[in-house]
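So the structure is just underneath, and the comments pick up after that.
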Amino acid sequence: MKKDCRNIKDMIQESLDQGAALPVLVEEHLKNCPACRSFKESLEQFSMKLKASLNKEIETLGPPKFSCLPERLSERRGHRQFLPWIAALICFALISMFGYRGYISYRTKSFLREENRLFVESLFTQSILEQEDSLENIALSTTWFQGSDTVSELTEDFSLEHEINL
Amino acid sequence: MRITETKETKLVDDEILIRQFVGTGLHHSAGNRKAFTTLMERHIKGMRRLLFTLLNGNMEDMEDAEQEILISLFNTLPHFRFKSSFKTYLYRLCRNKAIDLIRKKNRERKILFSISGQPSSNLYEPEAEVLKKERGNRIFKLLFKLREEERSLILLKDVEGLSIKEITKILSIPEGTVKSRLHRSREKLAELMAGEDI
């Protein structure tokens, strides 16, 4: 009997799902089964009463506010319409910031490069002069051993190599 | 037969109204706005019934959700592709907005409780809203004892009279699952009703 009721309840629900009339078998069962009858009636009553109660409740809401819809829409758009401009502005600021930093860094580097070049050049010149001295000394010392002709030869080579007037 | 005809006529009319609203692309023109108003007036009752059911009868939240839905429709209708009926699309939107609102409220409530140091509870507790507002309708008390999905299923099928296929589209669950869950929800409701005098 319980299994029958289970099947009957499923069949009642199936007919509710399809919006179709109950099969004769179910109708026959309902005549003799108060539990299934109560199940069917409670579902039917519930949906009817629920609809009536819901309609009663929503009547208190009044008509929908369509008139203020375009205003609310433009209000919302009002907040959003500046978003692309703000985004563009932020992008521009970032690009400018990094671009300026890059430019400054390039300028500093080229300035330092020039400074270094001059510094290295001065060092080089100084070292050449020092070297010249040492070479002259070397030349003198070698002359002491090898003869006076060597001095003039070495000095001439050095001055020719480094284009220095000694 | 007559019911089918009415449904089809309504469906065609919905499509015409949507096309009129979308029409030239200027949704703010008076004619287009009228088409939108006519379309919404046709479905507003069903929409409100669903919102009431999902939001535990909280009228303030209902009005908020309704405005959100109308604004959303105003924006999204031009992209409507007529792959489903407008009613299905609207109910799906309603359900999503209601769920978003419930989540938002619950999040706010959790934050409030964490600040005050009290244990948090769910904002949309069954019966809470009905009892608080002294709108102690027994039917609603029973309805709000069900879970959100169970309520949606019963409302959409037994009150709004939608087909299983339409419910499948609204809830994004397979047809078989809709059927089995709907049957279980009805049985649960019948059990709850057994102890009540309605």
Counting only other chains, what is the mean number of Cβ atoms within 10 angstrom of the Cβ of each residue in peptide A:16-26? 2
Between A:THR60 and A:ALA21, what is 0.36 nm times their sequence separation minus the Cα-Cα distance? Round to one decimal in nm. 10.5 nm
Projected label distance in nm at B:ILE164 and B:GLU63, using a 7 Å step from Cα toward the beta-carbon: 4.1
For peptide B:184-190, the mean count of other chain Cβ atoms within 10 Å per residue Cβ is 4
Exercise: per-residue mean of other protein chain Cβ atoms within 10 Å, A:37-49: 5
For segment B:137-198, averaging the sequence separation of alpha carbon pairs under 8 Å that lie six or more residues apart and dividing by its residue count, the contact order in percent is 41
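Coordinate-derived values only; no laboratory data. Small disclaimer: the values here were computed from a predicted structure and weren't measured. Positions of Cβ are generated from backbone atoms using ideal geometry, with glycine treated the same way; all protein chains shown enter the neighbour counts.
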